[in-house]
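For reference, the structure discussed in these notes is given below.
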Amino acid sequence: MRFYLAPMEGITGYVYRKTYQELFHNVDKYFIPFVEPHQKRDFNAKELNEISRENNQGYCVPQILTNQAEGFLRTAQALAEQGYEEVNLNLGCPSGTVVAKGKGAGFLEYPEKLDLFLRKIFASAPCRISIKTRIGRYEPEEFGRLLEIYRQYPLEELIIHPRSREDYYAGTPNWPVFAEALRCSEDTAKMLRCSEDTAKMLRCSEDTARMLRCSEDTAEMPRYGREEMGKSQEGSLRRQGTWPVCYNGDIFSAADYKRLLTAFPTLSTVMLGRGIIGNPCLIDEIKAADRLENGWEQEKDPVSGFKKDQHPGRDWDKIREFHDLIYQRYQETLSGDRPLLFKMKDLWCYLGSLYPGQEKQIKKLKKVQKKGEYEILAGNIFNIL
Ligand SMILES: Cc1cc2nc3c(=O)[nH]c(=O)nc-3n(C[C@H](O)[C@H](O)[C@H](O)COP(=O)(O)O)c2cc1C
């Protein structure tokens with residue numbers, strides 16, 4: 001399984017990504033929260049910090065939010081010049097202001113426009129393009145048409161958060177609709193395998209021809225056949241889309257992951273967002289549970305909440321170390337207590353659920369105005385274990 005870290009504007013900035021990579025190094029791809037194309041310049045100072053190579057270790061993919069092909073291509077070019085080999089198109093942002101402008105999940109309301117946009121960006125893309133999408137603007141029934149459009153283009157990958165924009169983050173992700181997308185990509189993969197087999201066969205016949213020193217004419221035939229066939233098949237397969245599919249949504253525990261994999265045994269890539277922010281050891285727990293025969297369903301202790309040894313793969317000291325390092329780095333990069341505390345409180349909105357029984361302390365922590373108070377409260381929460 002390949003694991004991706006979801007882009008989360010305001011949370012998974014470069015400090016978070018860099019620190020996570022240093023301590024956990026189990027993410028295959030980090031997605032950088034979106035940038036929007038500017039009219040006059042490529043990037044502002046904050047964006048430059050986000051995308052600079054020195055701040056991005058591991059495989060990182062910047063994301064672009066726009067509905068203008070020219071702006072997308074300009075920004076993609078600037079990112080390619082920074083050394084990025086892939087950019088991601090945001091077709092999932094549900095924010096009201098973004099959607100009202102027909103961007104993010106709002107773009108899904110205009111399939112014809114989207115098709116034209118994709119035609120333009122794929123015609124002259126300076127690097128590979130992946131897409132992160134919801135399954136519709138209003139309802140899941142829209143996804144069939146969207147898939148039809150995506151299948152026309154050679155996406156690097158299609159990451160699906162199976163909710164419509166109307167769902168926002170409510171309810172549960174729509175697995176039947178995701179299943180359809182996965183099936184399409186598997187069918188395509190099968191077709192691709194067939195064409196690879198054909199190419200192999202043709203290569204064999206070429207080798208045989210050479211071995212037997214056949215006449216040049218005979219030897220030319222399979223070569224011609226291979227190239228022509230390769231070209232035409234590749235062309236048609238590209239038009240139908242040959243991309244892999246990645247699942248994203250509501251994987252908060254090893255048990256959630258197990259359910260996902262039971263439903264989709266052929267799935268090869270999962271993107272995790274809130275699950276990792278709320279539990280930085282989540283991927284280690286998934287891997288540990290995978291190794292332990294009966295490790296999937298960990299019972300909660302009804303009296304004391306979670307216990308250390310109930311979660312194979314969870315390393316409480318590492319979680320604290322991760323917190324402390326992020327806190328230290330935010331102090332170095334942000335000016336003043338207010339932005340620092342704002343960032344840390346945001347993190348605790350997710351981290352808090354790791355510490356049941358600590359609700360009062362966490363509530364207090366979210367109200368503190370001074371660094372010193374924050375440090376005492378955070379220390380108390382960590383020391384409970
Ligand atoms: C605070 C916040 C910020 C987000 N920022 C982005 C973003 O910049 N780009 C994007 O494609 N998705 C963004 N998302 C969506 C996440 O990448 C992800 O799709 C979503 O949280 C569902 O995955 P999860 O259930 O694993 O968290 C954001 C989500 C949240 C909660």
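The values are calculated or read from the model by the stated rules, or taken from the named source; none is laboratory data. A quick note: this is a predicted structure, and the numbers were derived from the prediction, not measured. Glycine also receives a Cβ, built like all others from the backbone with ideal geometry; neighbour counts cover every protein chain displayed.
Please work out which one of (1) of a type in the set (D, E, K, R); (2) surrounded by 15 or more Cβ atoms within 10 Å (Cβ to Cβ); (3) without any contact (Cβ under 8 Å) to a residue 12 or more places away in the chain is the condition Lys345 fails and give its number.
Of (1) of a type in the set (D, E, K, R); (2) surrounded by 15 or more Cβ atoms within 10 Å (Cβ to Cβ); (3) without any contact (Cβ under 8 Å) to a residue 12 or more places away in the chain, only one is false for Lys345: (3).
Quick one: in the range 148-178, which of the residues that are assigned to a helix (DSSP H, G or I) and more than 18 Å from the chain's Cα centre (by Cα) is nearest to the ligand (Cβ to nearest atom)? Spell out the reasoning first.
Taking the range 148-178 as the starting set, the residues that turn out to be assigned to a helix (DSSP H, G or I) are 148-150, 175-178.
After this cut, where a residue has to be more than 18 Å from the chain's Cα centre (by Cα) as well, the list is 148-149, 176-177.
Values: Glu148: 22, Ile149: 19, Pro176: 18, Val177: 15 Å.
Ranking the qualifying residues of the range 148-178, first place goes to Val177.
Can you name the number of the only condition in (1) assigned to a helix (DSSP H, G or I); (2) touching a Lys or Arg at 6+ places or on another chain (Cβ under 6 Å) that Tyr20 fails?
(2)
In the range 46-80, what count of residues is obtained for those that are within 14 Å of Glu36 (Cα to Cα) and part of a loop (DSSP other than H, G, I, E, B)?
Residues of the range 46-80 within 14 Å of Glu36 (Cα to Cα): 46-48, 50-51, 62-79.
Next cut, part of a loop (DSSP other than H, G, I, E, B) only: 65-68.
Final tally of qualifying residues: 4.
Return the total of residues in the range 262-276 being more than 8 Å from the ligand (Cβ to nearest atom) and touching a residue at least 12 places away in the same chain (Cβ under 8 Å). Outline the logic, then answer.
Quick first cut of the range 262-276, residues more than 8 Å from the ligand (Cβ to nearest atom) only: 262-270.
Still in the list and also touching a residue at least 12 places away in the same chain (Cβ under 8 Å): 263-264, 266-270.
Going through the range 262-276 one residue at a time, the tally reaches 7.
Quick check on the range 13-34: of everything there that is within 13 Å of the ligand (Cβ to nearest atom) and more than 12 Å from Cys60 (Cα to Cα), which residue is surrounded by the most Cβ atoms within 10 Å (Cβ to Cβ)?
Tyr16
Matching residues to (1) surrounded by 19 or more Cβ atoms within 10 Å (Cβ to Cβ); (2) within 14 Å of the ligand (Cβ to nearest atom); (3) farther than 22 Å from Glu180 by Cα:
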| residue | (1), (2), (3) |
| --- | --- |
| Ala105 | yes, yes, no |
| Tyr110 | no, no, no |
| Asp115 | no, no, no |
| Leu118 | yes, no, no |
| Ile121 | yes, no, yes |
| Ser124 | no, no, yes |
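If we scan the range 92-114, do we find a residue that is part of a strand (DSSP E or B) and at pLDDT 95 or above?
Our first condition is that a residue be part of a strand (DSSP E or B); within the range 92-114, this holds for none.
Scanning the range 92-114 turns up no residue that is part of a strand (DSSP E or B) and at pLDDT 95 or above.
Do you know which of the residues in the range 81-91 that are in a loop (DSSP other than H, G, I, E, B) and either modelled with pLDDT of 95 or more or under 20 Å from the mean Cα position of the chain (by Cα) (or both) is farthest from the ligand (Cβ to nearest atom)? Talk me through it step by step, then tell me what you get.
Just the residues of the range 81-91 that are in a loop (DSSP other than H, G, I, E, B), to begin with: 82-85.
If we keep only those that are either modelled with pLDDT of 95 or more or under 20 Å from the mean Cα position of the chain (by Cα) (or both) as well, we get 83-85.
Numbers: Gly83: 21, Tyr84: 16, Glu85: 19 Å.
Top of the filtered list is Gly83.
Any chance you could count how many residues in the range 126-144 are touching a Gly at 6+ places or on another chain (Cβ under 8 Å) and assigned to a strand (DSSP E or B)? Let's see the steps before the verdict.
We begin by selecting, within the range 126-144, every residue touching a Gly at 6+ places or on another chain (Cβ under 8 Å); these are 132-134, 137, 142-143.
Going one step further and asking which of them are assigned to a strand (DSSP E or B), we end up with 132-134.
Adding up the residues that qualify gives 3.
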